[in-house]
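The values are calculated or read from the model by the stated rules, or taken from the named source; none is laboratory data. What you see is a predicted model; the values in this text were computed from it and never measured. Don't worry about glycine lacking a Cβ; one is built from the backbone with ideal geometry, like all the others, and counts go over all protein chains shown.
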Amino acid sequence: MTVYIIGTGTDGAGTLTRDAQKAIDRARLLIGAGRMLAPYENQGRQTRCLYQAEQIAQALRESDADPAAVLLSGDIGFFSGARRLLPLLDGMEVHCIPGISSAAGFCARLGISYEDMHFVSLHGREAAVALPVRTHARCFFLLGGEMTAGAVCRRLCQFGLAEVTVHIGERLGYADESCRSGTAAEFREYEGDRLAVLVTENPAYLPYLPTSIPDAAFLRGSIPMTKSVVRGAAVSALQIGQNAVCWDIGCGTGSVSVEMAYRCPAGTVHAFDRNPDAVRLTRDNAERFSCDNILVSEGICPDILAAAPAPDCVFVGGSAGTMPEIFRCIHAKNPAARITVTAVSLETLQEAAACFSRFHAECGITQIAVTQTRQIGSHTMMQAENPVFLIHGRLS
């Protein structure tokens, strides 16, 4: 059986490529959403209004129509259902025909290039919004579900990005399509249509990965904080991936959570502390640095960890005497998790090393002794900070 997987562009007919139109003309069976099928109804051939990849694959296997065509909106390589469908079509002769994506279509309407754009899908899924805007000059958001254009703008305002330029495209390809531009603050209360896309432009974006952020940049209060140089080394030792799930146990000010968050823009950081002031301060610093992928919880560890997703990377900045139980919880969730513990006392150093040993895991131990300069009159003096031990390794 020959199957064409066709991207129909933004309007389902007018933006078809010539190759796509030829394949549709040859097809005896057309499968797709109602909007995709509408131009081909009453033409004397089979049509099936189906959305789910599994249903489409089953319909193809049960049909004797040859060739068949599956019509998908936009481009089949851009957040498309083709990704799930293609592995289900073993044994069929499959031809993929690309279309014009919503990104290409909308950026053409705006008259801007999308070659340096960062793409995020919020169509029926959760993802960070503020963090990519903070770290990229331009972002494209495919909206849908609960995340409307107004919801995106409210998130941007909450996380310190109210003045970012926003372009909203709604119902692209329909007769009543619309394009609007302004700042996130101006669209804070806007809802609009759920069939929408959104582009941000942020000329003040961060062009680098923040590492060892200066201590003075954080809101502090009276909560202890892992200092800049130690923080950079501790986070580096975790080798955090782009889509990692991270835990920050004893998050304090949230300074480690923030640096973790920048390293896993497609992942999440789960920050825990028993002190309500620390929880509040971590949330405030997450907003200050536009890290909307930080989720903060108040409670006692390890009890509160039971409901958390399995971590890839864990930072233990404070364990309140429960380090063995915390290690057991981490091991139960993910035996291959990477862990970094900071210790300022020999007793904590010994306990952390013993916890790694208990799970037959090797650990590296690094001592960091930082000396900073300070001015006294016309002289520059050296002032040493307390040495800190980093105990880091992987459970297996």
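Listing for the model above:
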read-out	value
Flag for Thr366 being in contact with a Cys (Cβ under 8 Å, 6 or more places away or on another chain) and either assigned by TED's automatic domain parsing to the domain that holds Gly241 or under 25 Å from Asp273 (Cα atoms) (or both)	no
Search result, residues across the range 20-37 that are over 35 Å from the mean Cα position of the chain (by Cα) and in a helix (DSSP H, G or I)	Gln21, Lys22, Ala23, Ile24, Asp25, Arg26
Subset tally (residues that are closer than 15 Å to Phe289 by Cβ and of a type outside the set (Phe, Trp, Tyr)) for the range 187-222	14
For Thr373: the one exception among (1) polar (S, T, N, Q); (2) modelled with pLDDT under 90; (3) touching a Lys or Arg at 6+ places or on another chain (Cβ under 9 Å)	(3)
Hits in the range 199-230 (condition: farther than 30 Å from Asp116 by Cβ and in contact with an Asp or Glu (Cβ under 7 Å, 6 or more places away or on another chain))	Leu219, Gly221, Ile223, Met225, Lys227, Ser228
Pair list, Cβ under 9 Å, 6 or more apart: the range 131-155 residue free of Cβ contacts under 8 Å to residues at least 12 places away in the same chain, other residue crowded, with 24+ Cβ neighbours inside 10 Å and aliphatic (A, V, I, L, M)	Ala151/Val129; Ala151/Leu143
Options Glu170, Glu189: the member that is charged (D, E, K, R), in contact with a Cys (Cβ under 9 Å, 6 or more places away or on another chain), surrounded by 15 or more Cβ atoms within 10 Å (Cβ to Cβ) and without any contact (Cβ under 8 Å) to a residue 40 or more places away in the chain	Glu170
Subset of the range 137-154 [within 19 Å of Thr268 (Cβ to Cβ) and surrounded by 19 or more Cβ atoms within 10 Å (Cβ to Cβ)]	Cys139, Phe141, Met147, Val152
One residue from Asp19, Asp64 being without any contact (Cβ under 8 Å) to a residue 24 or more places away in the chain, more than 24 Å from Glu177 (Cβ to Cβ) and among the acidic types (Asp, Glu)	Asp64
Search result, residues across the range 110-129 that are closer than 20 Å to Gly192 by Cβ and either among the hydrophobic types (A, V, I, L, M, F, W, C) or at pLDDT 95 or above (or both)	Leu110, Val120, Leu122, Ala127, Val129
Leading residue by the ranking (nearest to Ala57 (Cα to Cα)) among those in the range 92-148 that are in contact with an Asp or Glu (Cβ under 7 Å, 6 or more places away or on another chain) and among the aliphatic types (A, V, I, L, M)	Ile97
Residue that is nearest to the chain's Cα centre (by Cα), among those in the range 273-283 that are within 20 Å of Leu131 (Cβ to Cβ) and buried (at least 24 other Cβ atoms within 10 Å of the Cβ)	Thr282
Condition check for Cys96: modelled with pLDDT of 95 or more and closer than 30 Å to Pro207 by Cβ	no
Number of the condition not met by Ala261 [criteria: (1) free of Cβ contacts under 8 Å to residues at least 60 places away in the same chain; (2) within 13 Å of the chain's Cα centre (by Cα)]	(1)
Within the range 294-335, considering residues that are out of contact with any strand residue (DSSP E or B) (no Cβ under 9 Å at 6 or more places or on another chain) and on the phi > 0 side of the Ramachandran plot, the one surrounded by the most Cβ atoms within 10 Å (Cβ to Cβ)	Ala320
